[in-house]
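Engineer: Following this message is one structure expressed as structure tokens.
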Amino acid sequence: MLNRLSLRLRVFLIFAALAAGLLVVLAGALLVAWRRLAGAGVNFMSDATPGATGALMAAAAISIFGTLALVVWVWFLFDQNVARPIETLAGGLRTGAAPDAAEGRYLADLAPAAREAAEARARSAEALAEAVQVHVDELARDKAMLESVLSDIGAAALMSDADGRVVFFNAAARQELPGLVLGRQLMRHLRPAALNAAERRLESSTHMATDLTVLTRDGRRLTGRMRAAGSGRVLILRPPAAPRRAEALESLRRHAATLVPMLDAAQDALPPEVRAAIRAEGAALIAALRALGPDHGAAQVDARALAASVEGVLLGEIADLCLKADGGALAALLSDLAARLRTSGRLASLEIAAGEGLAGGESSGEALVSLVWQGPALSMAQLDQWLAWAPDPDRPGESGTAIAAELGTGLWTEAQRGGGRIVMPLPARADICEIAPELTYQTLMATGDETLAGLTCVVFDTEATGLSPNDRIVQIAGLRIMAGRLTGERFETLVNPGRPIPPGSTKIHGITDAMVAGAPEMTEALRAFHHFAEDAVLVAHNAPFDMGLLRSAARETGIEFPNRVLDTVLLSAMLWGQSAPHALDALAERLGVVIPPDRRHTAMGDAEATAEIFLRLIPALAAKGLGDLDRVRDEARRHRRLIADANNIPR
């Protein structure tokens, strides 16, 4: 029991006991004096000694109140100059923050020694960080390579742990399974029947992988492969192909595409207006057929990156375009055609130019990928024979025609002066591809324990129209933490409060009425945040205010947040005592967290700072015996008379 009391409270109890003891001694001394005087014949009730009683009472009062005043004064000096600085030094040592020299000026060598220990720890941490950084750089290179691979395949890739929780996914997985986040059960997004059947096949077979077809919760069908990875599972999923429909569309697309070169060959025999009309109808037919084709998801490849990966070609003019296609399959197809052209005596150059739409200055449209050569022309019959073969050794069962159908395109030949070319149109946009597939992963399997370091948390912050819990939210942002690390998952949105934002509030957070005019309404924004934060422990700085805003909004939206809550103000008080400053800026300065001035008082900027502070508080709290959630919540109840606990705010 005594170990749970703070140092300052223990010191207070010692001085209180000292004061009580002194009062008992004084009372005993006065009683002895009273009896001695009475035994000597002094009658306190007699008129013969009129001042005896008053003198004794005055002496008693002076002794008692003088003793109490002296004890209180000494206790106050000891508390302010010894107990509180020691408590502050202890918090600093646990968090690795060097204590202020002025804080422990009455502690003799203790304060300098604590400062030297903190500095030594900081040097050790810096050396360790440098050593770890080398390893982190290697992991970053591996991650970048994996991101590039996953970006090219365009398939949904995700991994679950032994308990079925998601620990890894890429952008295509997020697109196929909206709302996918780390730490959630995979079966919340995919129906369990096919997953359980695939699990049983893996367990009963010596094979490490099995094919499966699975339904999403909204009924869409995905096909792919499940592979065992230790105690977890890796899934590669994509929408099922429709080969017959794709081949039929490909045949129509090819016939439509040949209209343009045929028109060019017959240009002298047709009036210009007829030629223009036929060209326009042909282009519209190609576009309509492409729209009927399959949706190729998130797969994309930069035109220059594609050109560098095609083998056996010279490089012609390559436009800065982002092609919406599977880069690996496209490179394999072009490399195979270039090799066949070279074998037939035609050395090809690769050209990628803006086509329909893009050539007119639009941001998206069509790119023309061409293999151009000098020499004899190539017939469509010969090209069809080449496309009947499988160009990609990794996909031996797929012909060039099938791959073209998967890419949503067709190929044709055109005769040119002194040579010819093979043309392939592809959807594209006028930009360099951003290879940012939002690869989201957690290197440690989710632990599922209740220690602070093992919790799944969402650190969040809100900006509002005022400082009352009954005001309206204008911005909300959050970051996810798993196993003591930021996962990289973020949530941020402006919110239309449905009322004007006071100028005084705008002066603080910079959000104006114009900025929120087109923002989501309260219900839409909080529903999205609820999905992001579901099942996580919410962490905030001065959480009663932010939780008050959410609970006030629940009366309008019906969206409740029953999550457990941690408040960094309370956590700070557990380490440094309630008399220390616990403002966000004070905590950031104490823990060495830098908040850029332009990010302060923005929901995401303050959430980022709070997350860094929280992560640095975790080991310090564990060192004080507050490493699990239940112990922290019990300790919070001791502080709630002076500092509100967001878990106990009336709903």
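Residues are listed down the side, and each one gets a yes or a no for (1) in contact (Cβ under 8 Å) with a residue 24 or more places away in the chain; (2) within 14 Å of Thr462 (Cβ to Cβ); (3) out of contact with any Asp or Glu (no Cβ under 8 Å at 6 or more places or on another chain):
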position	(1), (2), (3)
His541	yes, yes, no
Phe561	yes, yes, yes
Leu571	yes, no, yes
Pro581	no, no, yes
Glu589	no, no, yes
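Engineer: Moving on. Give, as residue ranges, the strands (runs of 3 or more DSSP E) completely inside segment 161-276 that count at least 3 residues that are within 30 Å of Glu366 (Cβ to Cβ) and modelled with pLDDT of 80 or more.
Structural biologist: It comes to 221-229, 232-238.
Engineer: Looking only at segment 478-490, decide whether some residue is over 27 Å from Gln185 (Cβ atoms) and hydroxyl-bearing (Ser, Thr, Tyr).
Structural biologist: Of the residues in segment 478-490, the ones over 27 Å from Gln185 (Cβ atoms) are none.
Taking every residue of segment 478-490 in turn, none turns out to be over 27 Å from Gln185 (Cβ atoms) and hydroxyl-bearing (Ser, Thr, Tyr).
Engineer: With respect to Ser572, is the statement that it is over 23 Å from the mean Cα position of the chain (by Cα) and either closer than 25 Å to Arg480 by Cβ or not assigned by TED's automatic domain parsing to the domain that holds Leu626 (or both) true?
Structural biologist: In short, yes.
Engineer: Considering every residue within segment 482-499, establish whether at least one is of a type in the set (Ser, Thr, Tyr), touching a Phe, Trp or Tyr at 6+ places or on another chain (Cβ under 9 Å) and either in contact (Cβ under 8 Å) with a residue 12 or more places away in the chain or buried (at least 22 other Cβ atoms within 10 Å of the Cβ) (or both). Show your work before the answer.
Structural biologist: Residues of segment 482-499 of a type in the set (Ser, Thr, Tyr): 487, 493.
Applying the additional criterion that residues be touching a Phe, Trp or Tyr at 6+ places or on another chain (Cβ under 9 Å) yields 487, 493.
With the extra rule that they be either in contact (Cβ under 8 Å) with a residue 12 or more places away in the chain or buried (at least 22 other Cβ atoms within 10 Å of the Cβ) (or both), the set shrinks to 487, 493.
Yes, there is a match, as at least one residue in segment 482-499 is of a type in the set (Ser, Thr, Tyr), touching a Phe, Trp or Tyr at 6+ places or on another chain (Cβ under 9 Å) and either in contact (Cβ under 8 Å) with a residue 12 or more places away in the chain or buried (at least 22 other Cβ atoms within 10 Å of the Cβ) (or both).
Engineer: Scan segment 580-596 for residues that are crowded, with 18+ Cβ neighbours inside 10 Å and either touching a Lys or Arg at 6+ places or on another chain (Cβ under 6 Å) or of a type outside the set (Val, Ile, Thr) (or both) and jot them down.
Structural biologist: If the condition is that a residue be crowded, with 18+ Cβ neighbours inside 10 Å and either touching a Lys or Arg at 6+ places or on another chain (Cβ under 6 Å) or of a type outside the set (Val, Ile, Thr) (or both), then His582, Leu584, Leu587, Ala588, Arg590, Leu591 are the ones that fit.
Engineer: Residue under question is Leu526, and the condition is that it be free of Cβ contacts under 8 Å to residues at least 60 places away in the same chain, assigned to a helix (DSSP H, G or I) and either within 27 Å of Arg184 (Cα to Cα) or outside the structural domain of Ala603 (by TED's automatic domain parsing) (or both); does it hold? Give the derivation first.
Structural biologist: Values: free of Cβ contacts under 8 Å to residues at least 60 places away in the same chain: yes; assigned to a helix (DSSP H, G or I): yes; either within 27 Å of Arg184 (Cα to Cα) or outside the structural domain of Ala603 (by TED's automatic domain parsing) (or both): yes.
Yes; evaluated as a whole, the condition is true for this residue.
Engineer: Go over the candidates Ala38, Ala48 one by one and state the one that is modelled with pLDDT under 75, part of a loop (DSSP other than H, G, I, E, B) and farther than 30 Å from Ala622 by Cα.
Structural biologist: Only one candidate qualifies: Ala48.
Engineer: Now, a different point. Give segment 597-630 a look and list any residue that's among the acidic types (Asp, Glu) and surrounded by fewer than 17 Cβ atoms within 10 Å (Cβ to Cβ), or say none.
Structural biologist: Asp598, Asp630
Engineer: From Leu426, Leu407, which residue is touching a Lys or Arg at 6+ places or on another chain (Cβ under 8 Å) and crowded, with 22+ Cβ neighbours inside 10 Å? Even if it seems obvious, please write down each step before you answer.
Structural biologist: Details: Leu407 fails: touching a Lys or Arg at 6+ places or on another chain (Cβ under 8 Å).
After applying the criteria, what remains is Leu426.
Engineer: Output the qualifying pairs, or none if there are none: Cβ atoms under 6 angstrom, residues six or more apart or on different chains, first residue in segment 604-633 and closer than 17 Å to Phe491 by Cα, second residue part of a loop (DSSP other than H, G, I, E, B).
Structural biologist: Every condition considered, the pairs that remain are Gly605/Arg599; Ala609/Val593; Ala609/Ile595; Thr610/His541; Glu612/Val593.
The values are calculated or read from the model by the stated rules, or taken from the named source; none is laboratory data. All figures in this text were calculated on a predicted structure; none of them were measured in a lab. When we count neighbours, we look across all protein chains shown, and the Cβ atoms used for this are built from the backbone with ideal geometry, even at glycine.
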